[in-house]
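All remarks here apply to the structure that follows.
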Amino acid sequence: MNIQPPNSSSIKSRFAVKFVQAMKRLSKRRGMGDRYKRYRATRAAARVSLAAAVGPERAWSRAVLRRIKKRRGLIGRTTTNPRRNLRGLVPGGKGMDYCSLLSETAHYITCLQAQVQVMQDMLHLSSP
Amino acid sequence: MSSRRQRSRQSGASRITDDQIADLVSKLQQLIPEIRSRRSQKASASKVLQETCKYIRNLHQEVDDLSHRLSGLLQSTDADSAQAAIIRSLLM
């Protein structure tokens, strides 16, 4: 059972690089005049970049990356579809045994915290 | 919890112990700001899980909110230089 905490600073820098690269690609796309589209694209980029930064070594990130490969919608949870239980909140949670769920949850939380910090930093940097 | 039911049937090497679960739950407790300070009193597993769900939902909400606010970067004509500056600062 892998219960190693992720190296937070390496997740942060890997996420930051991927996220900025994704945003750069998106900014060159058409259709970004629409505010809602920009928001959804940004949010999707954040989710994908975090999973990509973690890579295939965790079950939760593999679940996110699988969904992208299958081109299934990534959005449609959280604000639009509030879930009450842990299995619904952690990517891939439904298929895991209880111990793995707890372990994946801890890793997932640490990564979400890193993601929030990076995005907050970017916000401060981009709005003087 | 399935581990309790299976305990008598499984061999010691493969079973998931209650201790392991308790350990994982207490590690989770340390991650959640709301309940992490209670070092001497260990919160109940159901309380930890409840707070964990609440915390994850909050984090998701924060990411959504930050995504809204960062989405303005996608229409900035200065995108390249702003983003280059961001990368440099974050990686230093």
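Here are some notes:
- Remark: mean inter-chain Cβ contacts per residue of B:50-63 equal 6, using a 10 Å Cβ-Cβ cutoff to other protein chain atoms.
- Listed by Cβ neighbour count within 10 Å, with the fewest neighbours leading, A:Y98, A:Y39, A:Y108, B:Y55 appear as A:Y98, A:Y39, B:Y55, A:Y108.
- Neighbour counts of other Cβ atoms within 10 Å put A:M119, A:M32 in the fewest-to-most order A:M32, A:M119.
- With respect to chain A, whose longest principal axis is taken over its alpha-carbon atoms, helix A:59-69 is tilted by about 50°.
- Square roots of 5 times each gyration tensor eigenvalue, C-alpha, chain A, largest first, Å: 26, 18, 13
- Remark: A:K69, A:K18 ranked as A:K69, A:K18, counting other beta-carbon atoms within 10 Å and listing the fewest first.
We did not get these values from a lab; they are worked out from the coordinates using the rules stated. Values in this document were obtained by computation on a predicted structure and should not be read as measured data. We place every Cβ from the backbone using ideal geometry, glycine too, and count neighbours over all the protein chains shown.
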